[in-house]
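**Q** What follows is a structure written as structure tokens; I'll ask about it next.
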Amino acid sequence: MSVKLTRQDEFAVITLDRQEALNALSAAVLRDLAQAFDQVAVSDARALIITGAGAKAFCAGADIKELTGRSLSEQRRDAAFGQAVLARLDDLPMFSVAAINGYAFGGGMELALACTFRIAVATAKLGLPEIKLGLIPGYGGTQRLPRTVGEARALEMIMSGRTLDAEEALRIGLVHRVVDADPLAAAIGFARGISGFGLPALRLARDAVKRALDVPLHEGLKIEADLNTLAFQTEDATEGMNAFMEKRKPRFQDR
Ligand code: CAA
């Protein structure tokens, strides 16, 4: 099995483990990934961390050996499937963190972009090099990259196929943190800084921000008011505000 689902304390950890192909996303890996996401969705994990096995690669993208010789309809089906699998990350009840331990190229970069947060080791290399294959990204890169780093930077990255090092990725907001070693431990530490808050409020915050980028401002503000009112009705909100008044730490119950 090249997709391993394990548990580290309160976190689910998915490890892509196909090191002979730099953890590339074959059709079988994508199917296994979808299954793992389904399992995580119904678990009590407070966050999902995704990483790659070995020191070399997070994921080197779609499996280029499988791409060659495909018909147009097969390619269309594959792009739609890959997009749908990565989009499941948005629907998970918990947030996700990509622990980028090496190369994150093409579909691998797109997998990281579909996660809520990204932590990279200092030696990581990132990019969308599809143009060098005569292609363009197909698992959401043309849509999520501009939403993450802005249109100008996204166009330059996608049209040049240029490789970024971790420091540049940090500077342009493509990754949230760069660490010298052990990106998995760093991702877990990062997740722990967030996962103690109530899951309903965390989910509403994710939804509000995601939807901000799809609608005009006046509609986004209405969405925010609605989701803010939903958060206000949770027991966690009552607890959080009472705890503030009583000068004590809140005990959130995810309700
Ligand atoms: N698909 C299939 N196999 C891959 C692969 C991929 N994306 N990336 C690497 N591999 C395989 C290599 O073919 C090689 O296997 P063999 O030993 O059997 O030949 C093995 O992994 C090791 O790779 P390299 O020898 O190339 O390792 P390297 O250290 O010299 O180079 C690299 C590393 C720069 C990441 C290089 O492997 C590379 O450029 N890989 C392709 C990256 C890429 O173009 N990704 C985009 C794919 S298309 C896509 O993802 C479309 C989309 O939007 C979904």
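The values are calculated or read from the model by the stated rules, or taken from the named source; none is laboratory data. Source: prediction; values computed, not measured. Cβ coordinates were reconstructed from backbone atoms using ideal geometry, including for glycine residues, and neighbour counts include every protein chain displayed. We work out accessible area using only protein heavy atoms, side chains counted, and drop any ligands, DNA or RNA first. Shrake-Rupley method; radii C 1.70, N 1.55, O 1.52, S 1.80 Å.
**Q** I'd like to know if the stretch 77-87 contains one or more residues that are closer than 30 Å to ALA181 by Cβ, in contact with a Ser or Thr (Cβ under 8 Å, 6 or more places away or on another chain) and assigned by TED's automatic domain parsing to the domain that holds SER160.
**A** Scanning the stretch 77-87, I find no residue that is closer than 30 Å to ALA181 by Cβ, in contact with a Ser or Thr (Cβ under 8 Å, 6 or more places away or on another chain) and assigned by TED's automatic domain parsing to the domain that holds SER160, so the answer is no.
**Q** For the stretch 59-86, enumerate the residues that are more than 10 Å from the ligand (Cβ to nearest atom) and open to solvent by less than 60 Å² (accessible area, probe 1.4 Å).
**A** Within the stretch 59-86, SER71, ALA80, ALA84, VAL85 meet the criteria.
**Q** Restricting attention to the stretch 199-231, and to residues there that are modelled with pLDDT of 95 or more and of a type in the set (Gly, Ala, Ser), which single residue is farthest from ALA99 (Cα to Cα)?
**A** ALA225
**Q** Let me ask something else. Of the residues that make up the stretch 87-108, is at least one in a strand (DSSP E or B) and open to solvent by 30 Å² or more (accessible area, probe 1.4 Å)?
**A** There is at least one residue in the stretch 87-108 that is in a strand (DSSP E or B) and open to solvent by 30 Å² or more (accessible area, probe 1.4 Å).
**Q** Further question: Among the candidates THR15, THR6, which residue alone is over 28 Å from PHE252 (Cβ atoms), more than 16 Å from the ligand (Cβ to nearest atom), without any contact (Cβ under 8 Å) to a residue 40 or more places away in the chain and not aliphatic (A, V, I, L, M)?
**A** Checking each option against the conditions leaves just THR15.
**Q** Is there a residue being of a type in the set (A, V, I, L, M, F, W, C), in the same structural domain as SER160 (by TED's automatic domain parsing), open to solvent by 10 Å² or more (accessible area, probe 1.4 Å) and away from the ligand (no atom under 15 Å from the Cβ) anywhere in the stretch 42-49?
**A** Yes: one or more hits.
**Q** Still on this structure: Pairs needed: first member in the stretch 107-123, under 14 Å from LEU92 (Cα atoms); second member anywhere, within 15 Å of the ligand (Cβ to nearest atom) and part of a loop (DSSP other than H, G, I, E, B); C-beta distance under 7 Å; at least 6 residues apart or different chains.
**A** Going by the 7 Å Cβ cut-off, the qualifying pairs are ALA114/GLY140.
**Q** Within the stretch 161-175, track down each residue that is within 15 Å of the chain's Cα centre (by Cα) and open to solvent by 20 Å² or more (accessible area, probe 1.4 Å).
**A** GLY173
**Q** Does VAL179 satisfy being under 19 Å from the mean Cα position of the chain (by Cα), closer than 23 Å to GLN83 by Cβ, assigned by TED's automatic domain parsing to the domain that holds ALA27 and of a type outside the set (Phe, Trp, Tyr)?
**A** So VAL179 does not fit the description; no.
**Q** While we're looking at this one, here's another question. Quick check: anything in the stretch 45-58 without any contact (Cβ under 8 Å) to a residue 40 or more places away in the chain and either aliphatic (A, V, I, L, M) or part of a helix (DSSP H, G or I) (or both)?
**A** no
**Q** Quick one: which residue in ILE131, ILE136 is within 16 Å of the ligand (Cβ to nearest atom), in contact with a helix residue (DSSP H, G or I) (Cβ under 7 Å, 6 or more places away or on another chain) and not in a helix (DSSP H, G or I)?
**A** ILE136
**Q** Select from the stretch 109-128 the residues that are near the ligand (Cβ under 10 Å from one of its atoms) and either modelled with pLDDT under 95 or open to solvent by 10 Å² or more (accessible area, probe 1.4 Å) (or both) and list them in ascending order.
**A** LYS125
**Q** Could we say that LEU155 is surrounded by 23 or more Cβ atoms within 10 Å (Cβ to Cβ) and either in a helix (DSSP H, G or I) or within 12 Å of the ligand (Cβ to nearest atom) (or both) here?
**A** No: the conditions fail for LEU155.
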